[in-house]
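For reference, the structure discussed in these notes is given below.
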Amino acid sequence: MTNQNVIVSDRNPILGSKTITVSVSKSPLFSSPPTYFTFPRRKFLELLEAADKNNNNKNNLGAGKISSWVDSMRDSSPTRLRSSSRDSDSDNDEKTSWIVRFPSALNMFDKIMNAAKGKQIVMFLDYDGTLSPIVEDPDKAYITHEMREVVKDVALNFPTAIVTGRSIDKVRAFVKLNEIYYAGSHGMDIEGPTNENSYGESNQGVLFQPAREFVPMIEKVHFEAFITFTNVVKILEKKTKCIPGAMVENNKFCLSVHFRRVDEKIWAALAEQVKSVLVDYPKLKLTQGRKVLEIRPTIKWDKGQALNFLLRSLGFEHSENVVPVYIGDDRTDEDAFKVLREKGQGFGILVSKVPKETNASYSLQDPSQVNEFLKRLVDWKRKTVGEE
Ligand SMILES: O=P(O)(O)OC[C@H]1O[C@H](O[C@H]2O[C@H](CO)[C@@H](O)[C@H](O)[C@H]2O)[C@H](O)[C@@H](O)[C@@H]1O
């Protein structure tokens, strides 16, 4: 974690007063205080001591295990296919055969729309890497004005949900649309539209929070992660004289430990630290996204379950007349692609420039192609309504 992301209110309170306030992640986007923890002074010192012990006692998780995590951290998500030989011919062959298996959703647009004729399309959109490009600083993953406008148009024409690993508050602050469903924290926090959309759905507020009981635990782990990463910074600063750049993001029902800005040489140390924190929390698990370690409750709930929940809420649970379309770029989106594949209904569209193993049916290269696809979808709907 960089110093800019960690603020301990000041040294004096630690020595003198009864409570200590710690803030994590100073974001230029969110003007309200980001994530604060106020701890009784004694508790804070106890936690510091415990974190130190953790570092000494629990870091030996086995070199083999950590190195396989680091291998996995090296790949973006879902796992990129690897050619046995890495020359440019085999790279090209690999790309060609991948695009045959997962054709561009733009090239297949007419085929997709033919399958949807006379049926209700429901749109599911991931946020990072799908509606906004991947950037170094997670707090600066802005959506363009053009993308916001097209998502709004889509929402006026089809029931639409944004399904994201982020907290609803954060993604709402980026997207700024009230007409849509939001499924935050990898689907563990679901809210309906707060403005009436064209389906007459409004003011639904919170619909479902299957992991509500985990919030205090998540907050405690967040604090411990803060202490742990502060220690990592201290140790690594001493050894390498560089700041690791790890960042912890509190997504309400889960945590993201970002390592995009961490030197690859110290990924193993980072993975080890994160895993050591989790040893005491068997009800939390570690998964991976794009240059991010995700700490999540072990409950059986993911973006695929959220997709099913939303279809059910919209009255389409057993309907043959619905075509769910899910667009996403991340390993966590695979859960939703898998649900669609197993249902034999709708289409998963993977956003990726490189060949990756996926359960999606089609592909788009990047958010600008997502924008083009969504525009065509809105035009198609306007045309078909005109024809009716
Ligand atoms: O489900 P998503 O909407 O795709 O959210 C997954 C994670 O996305 C964010 O991290 C990713 O995007 C960042 C901004 O481009 C990038 O810096 C980071 O490396 C990516 O992993 C978000 O910050 C996480 O909290 C989400 O879990």
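The values are calculated or read from the model by the stated rules, or taken from the named source; none is laboratory data. What you see is a predicted model, and the numbers here were worked out from it, not measured in a lab. All Cβ positions, glycine included, derive from the backbone under ideal geometry; neighbour counts span all protein chains shown. Accessible surface is based on the protein model in full, side chains and every heavy atom, while ligands, DNA and RNA are left aside. Shrake-Rupley method; radii C 1.70, N 1.55, O 1.52, S 1.80 Å.
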Item to complete: Report, by residue number, each residue of the stretch 240-262 that is away from the ligand (no atom under 14 Å from the Cβ) and either of a type in the set (Phe, Trp, Tyr) or modelled with pLDDT of 85 or more (or both).
Response: none
Practice prompt. Could you grab me the full set of residues in the stretch 308-336 that are within 13 Å of the ligand (Cβ to nearest atom) and open to solvent by less than 30 Å² (accessible area, probe 1.4 Å)?
Written response: TYR326, ILE327, GLY328, ASP329, ASP330, THR332, ASP333, GLU334, ALA336
Response to the item:
Filter the stretch 296-307 for residues that are open to solvent by less than 30 Å² (accessible area, probe 1.4 Å) and part of a helix (DSSP H, G or I); the one that is nearest to the ligand (Cβ to nearest atom) is LYS303
Discussion item. So VAL351 passes all but one of these: (1) in contact with a strand residue (DSSP E or B) (Cβ under 9 Å, 6 or more places away or on another chain); (2) modelled with pLDDT under 95; (3) not polar (S, T, N, Q). Which condition number does it fail?
Written reply: (2)
Worksheet item: Which residue pairs have Cβ atoms closer than 8 Å, lie 6 or more positions apart in sequence or on different chains, and pair a first residue in the stretch 316-333 that is farther than 14 Å from GLY187 by Cβ and among the acidic types (Asp, Glu) with a second residue that is modelled with pLDDT of 90 or more and not in a loop (DSSP other than H, G, I, E, B)?
Response: GLU317/ASN308; GLU317/LEU311; ASP329/ASP128; ASP329/LEU350; ASP329/VAL351
Worksheet, complete the sentence: Only one of GLU179, GLU196, GLU146 is among the acidic types (Asp, Glu), away from the ligand (no atom under 16 Å from the Cβ) and modelled with pLDDT of 95 or more, namely GLU146
Practice prompt. Report, ordered by the first and then the second residue, all pairs with beta carbons closer than 7 Å, sequence separation of six or more or different chains, a first member in the stretch 122-141 that is on the phi > 0 side of the Ramachandran plot, and a second member that is near the ligand (Cβ under 6 Å from one of its atoms).
Written response: GLY129/ARG290; GLY129/ASP330
Worksheet item: TRP380 is checked against (1) under 23 Å from GLN120 (Cβ atoms); (2) part of a loop (DSSP other than H, G, I, E, B) and fails just one. What number does that condition carry?
Response: (2)
Discussion item. If I filter the stretch 100-136 down to residues being assigned to a loop (DSSP other than H, G, I, E, B) and touching a Ser or Thr at 6+ places or on another chain (Cβ under 8 Å), which single residue comes out as surrounded by the fewest Cβ atoms within 10 Å (Cβ to Cβ)?
Written reply: LYS117
Worksheet item: Can you name the residue in the stretch 337-367 that is open to solvent by 20 Å² or more (accessible area, probe 1.4 Å) and of a type in the set (Lys, Arg) and is also farthest from ASP126 (Cα to Cα) among such residues?
Response: LYS343
Item to complete: Restrict the check to the stretch 150-171 and report whether at least one residue is touching a residue at least 60 places away in the same chain (Cβ under 8 Å), open to solvent by less than 10 Å² (accessible area, probe 1.4 Å), away from the ligand (no atom under 16 Å from the Cβ) and not in a helix (DSSP H, G or I).
Response: yes
Discussion item. Can you find, within the stretch 253-295, the residue that is surrounded by the fewest Cβ atoms within 10 Å (Cβ to Cβ) among those that are of a type in the set (Phe, Trp, Tyr) and under 17 Å from the mean Cα position of the chain (by Cα)?
Written reply: PHE259
